[in-house]
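Colleague: What follows is a structure written as structure tokens; I'll ask about it next.
The values are calculated or read from the model by the stated rules, or taken from the named source; none is laboratory data. Predicted model, so just to flag it, every value in this text is computed and none were measured. Note: ideal-geometry Cβ built from the backbone for every residue, glycine included; neighbour counts use all protein chains shown.
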């Protein structure tokens, strides 16, 4: 089965509407991995997600739990050895995404993200949702 590290924006997309991202995550078509901080980071934007999605807080909490059950959450200590390499690669691109690169390097798998800056780095392959659908689901 193909595996991907999921960027935060994919989870946001899955939370905001019944998107292709949500359907793909819930389908268990791929092995999906996220760094341990991802869901904590998502909760920082809970009010914005509730406002944009029109969802009740209880429904958001249930959807978050459902999404979490379809991904593997990887502790930072597992991929910390790759963080320096990832930070060097992302230094002039977007440092906040270095942990995603580090995790992808550790697991030797691509990243699934709709952020264009992942295409600027050269350490790991990246796919946006449209590419993922056309390359692996069609």
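Colleague: Regarding residue 72, is this residue touching a helix residue (DSSP H, G or I) at 6+ places or on another chain (Cβ under 9 Å), modelled with pLDDT of 95 or more and under 16 Å from residue 10 (Cβ atoms)?
Modeller: Answer is no for this residue.
Colleague: Looking only at residues that are without any contact (Cβ under 8 Å) to a residue 12 or more places away in the chain and in a helix (DSSP H, G or I) in segment 60-86, which one is surrounded by the fewest Cβ atoms within 10 Å (Cβ to Cβ)?
Modeller: Taking the candidates together, the pick is 77.
Colleague: Can you work out which of the residues in segment 23-50 that are buried (at least 16 other Cβ atoms within 10 Å of the Cβ) and without any contact (Cβ under 8 Å) to a residue 40 or more places away in the chain is farthest from residue 132 (Cα to Cα)?
Modeller: Residue satisfying both the conditions and the ranking: 49.
Colleague: Filter segment 108-124 down to the residues that are touching a strand residue (DSSP E or B) at 6+ places or on another chain (Cβ under 7 Å), over 15 Å from residue 12 (Cα atoms) and in a loop (DSSP other than H, G, I, E, B) and list them by number.
Modeller: Answer for segment 108-124, where residues must be touching a strand residue (DSSP E or B) at 6+ places or on another chain (Cβ under 7 Å), over 15 Å from residue 12 (Cα atoms) and in a loop (DSSP other than H, G, I, E, B): 109, 110, 124.
Colleague: Please verify whether residue 39 is at pLDDT 95 or above, closer than 19 Å to residue 73 by Cβ and in contact with a strand residue (DSSP E or B) (Cβ under 8 Å, 6 or more places away or on another chain), treating the condition exactly as stated. Walk me through how you get there before you give the answer.
Modeller: On the way: at pLDDT 95 or above: no; closer than 19 Å to residue 73 by Cβ: yes; in contact with a strand residue (DSSP E or B) (Cβ under 8 Å, 6 or more places away or on another chain): yes.
So residue 39 does not fit the description; no.
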